[in-house]
Structure formats: C-alpha cells, structure tokens
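The values are calculated or read from the model by the stated rules, or taken from the named source; none is laboratory data. Please read all numbers here as calculations on a predicted model, not as lab measurements. Reconstructed Cβ throughout: ideal geometry from the backbone, glycine too, with neighbour counts over all protein chains shown.
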Amino acid sequence: MMQPCEFPGCMEPGYGHHIVFKAQGGLNIPLNYKYLCSEHHNIGKESPHKSREIDLQYKKELQERYMRLFQDEKYTFAEICKKLRCRERMLEKAFKCIPAQGESYQREDIIRTLMGGKIYD
C-alpha cells in the first residue's frame, strides 16, 4: 500500500526516504523512513536531497523520536529490537561495534548508532 507524502499539505503518493541515508549509516528500520513524493524527496528545493536545512530538520526530528523511545539509560539488544519493532538480524551489524556493558547498551550509544554515528544539536 502506498503511503501519502508526509510533507505538510501535499496529497501526492509518497515513497520511502531514508532520513539517515544508508551512505551515512542509516538502517532499514521503520522509524528511519519518511514518505515523500518525488518533489519533496529529491527534486524540489524543499527536499532533503536539495536542502541541507530540511535534511537536518528531518534528522533532528528522528533523533528526538529516538530520545523519547529510549528514555532509560540501558537496554539489552533484545529490548532495543523490540522497541524498534525489527528483527535482530536488521541491527546485528550496526550494534557489533558498540561497546556493551555486560548485556546492556547505553542510551547515548544506541541513539548515536541509529543516527549513523552522529548526535545532532
């Protein structure tokens, strides 16, 4: 089923856009997608591929969602997968490089990993 474009006021069909681009370390998980029509994805001046300001806005919005989702200081890998509603396979490679403390990962490390290695101010 096609999703509508998420740009305010647009009624066109939208296609999945990686908020944190795959080349930046973005993952194929539901929260990392924003559905945008061609104009608001990569053609128009208000698209994340043409406007650094829009790109950063979407990244900051995503980071804020992750911060609300992960409010405790530590999570196990299984808890992370459950919160993100994805299979462990989808996250194994990304989380392989994160230092775990016993069986747990720190909140900031989780969010930084999901944001492609960066925290946006």
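Numerical summary
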| item | result |
| --- | --- |
| Condition check for L56: touching a residue at least 60 places away in the same chain (Cβ under 8 Å) and among the aliphatic types (A, V, I, L, M) | yes |
| Sole exception among (1) loosely packed, with under 14 Cβ neighbours inside 10 Å; (2) in contact (Cβ under 8 Å) with a residue 24 or more places away in the chain; (3) of a type outside the set (S, T, N, Q) for Y66, by number | (1) |
| The listed residue being among the small types (G, A, S), part of a helix (DSSP H, G or I) and surrounded by 12 or more Cβ atoms within 10 Å (Cβ to Cβ), out of A78, A94 | A94 |
| Flag if L56 is closer than 25 Å to F7 by Cα, surrounded by 14 or more Cβ atoms within 10 Å (Cβ to Cβ), at pLDDT 95 or above and not charged (D, E, K, R) | no |
| Residues being among the basic types (K, R) and in contact with a strand residue (DSSP E or B) (Cβ under 9 Å, 6 or more places away or on another chain) - total across the stretch 64-81 | 1 |
| Residues of the stretch 11-28 satisfying the condition of being modelled with pLDDT of 95 or more and either among the hydrophobic types (A, V, I, L, M, F, W, C) or on the phi > 0 side of the Ramachandran plot (or both) | I19, V20 |
| Restricting the stretch 70-117 to residues that are aromatic (F, W, Y) and more than 14 Å from the chain's Cα centre (by Cα), the residue that is modelled with the lowest pLDDT | F95 |
| Candidate set: the stretch 8-60, residues that are in a loop (DSSP other than H, G, I, E, B) and in contact with a strand residue (DSSP E or B) (Cβ under 6 Å, 6 or more places away or on another chain); chosen: the one nearest to M115 (Cα to Cα) | G26 |
| Qualifying positions in the stretch 97-121 - buried (at least 17 other Cβ atoms within 10 Å of the Cβ), within 16 Å of K59 (Cα to Cα) and not basic (K, R) | I110, I111, T113, L114, M115, G116 |
| Every pair of residues 6+ apart whose Cβ atoms lie under 6 Å, when the first sits in the stretch 1-30 and is in contact (Cβ under 8 Å) with a residue 24 or more places away in the chain while the second is exposed (fewer than 13 other Cβ atoms within 10 Å of the Cβ) and not hydroxyl-bearing (S, T, Y) | P13/M2; G25/G117 |
| Where a residue in the stretch 88-108 is farther than 18 Å from Q24 by Cα and acidic (D, E) and its partner, wherever it lies, is part of a strand (DSSP E or B) and modelled with pLDDT of 90 or more, with Cβ under 6 Å and at least six apart | E103/T76 |
